[in-house]
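Report on the structure given below.
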C-alpha cells in the first residue's frame, strides 16, 4: 500500500492548520508558502475534506481554512480515507467481492494487514501529531 501525494499533502496542510491558535484560520496561500504544496492543489484537496467536515472554509478575500472539529476528533485514518479512499493493501480485502475467497491462501494475511493499518491510522489524531511537532523544537541534543 502506498499513500499518494493526496494523503501526504492533506496531512501536511492539516498539521499546519493544527499549529495555529484555536479559532485562527489559514489561507491556501499561507499554507502553500509554509508547506510547499501549490495553492491549486490545496484547493482540490480541501474539497473532499470540507465535505467530510474535517476542515471548515471561511469565504471572502480574507478567508481561509480551520479545523472542522476538535483536533482530537480528527484521525489520520479519516484524513487518508477521505482523500485516498479505502486503505486496502489489495482490492479484494474489503471493497470488492473476491471470487476465490474460499480458497485464497493469502486472504487472511491481507485482511490482518488491512485491520492493523486501520487500527494504526485511526489511533493517531491531529492533536497527537500537533503535540509531537511542537515537542520536536524542545528536544535537546547532547554530544
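The numbers here are math on the coordinates, done by the rules we state, and not lab data. Keep in mind that what you see is a predicted model, and the values were worked out from it rather than measured. Cβ sites come from the backbone with ideal geometry, for glycine too, and all protein chains shown count toward neighbours.
Helical runs (DSSP H, four residues minimum) scored at -39500 (n - 2.57) apiece and divided by the length of the chain put the mean residue ellipticity at 222 nm at -15500 deg cm²/dmol.
Once both labels are positioned 7 Å from their Cα atoms along Cα-to-Cβ, the gap between residue 120 and residue 22 label points is 3.2 nm. Value of Rg to Rh for the range 5-136, rounded to two decimals, is 1.07; Kirkwood radius and Rg both from alpha-carbon coordinates.
Expressed as a whole number of Å, what is the distance separating the alpha-carbon centroids of the range 36-101 and the range 107-134? First find each Cα centre; the distance between them is then 15 Å. How high is the FRET efficiency between residue 105 and residue 3 when r is their beta carbon distance and R₀ equals 35 Å, given to the nearest 0.05? Plugging the Cβ-Cβ distance into 1/(1 + (r/R0)^6) gives 0.80.
The ellipsoid equivalent to the alpha-carbon distribution of the range 54-129 has semi-axes of 35, 14, 6 angstrom, derived from the gyration tensor eigenvalues as √(5λ) and listed largest first. Gain on full extension, evaluated as 0.36 nm per residue between residue 33 and residue 73 minus their Cα-Cα distance, stands at 11.7 nm. Counting only alpha carbon atoms, the long axis of helix 5-18 and the longest principal axis of the chain meet at about 40°.
Pairs of Cα atoms nearer than 8 Å and 6+ residues apart set the relative contact order; for the chain it is 27 percent.
For the chain, the longest principal axis of the Cα atoms and the long axis of helix 107-123 meet at an angle of about 20 degrees.
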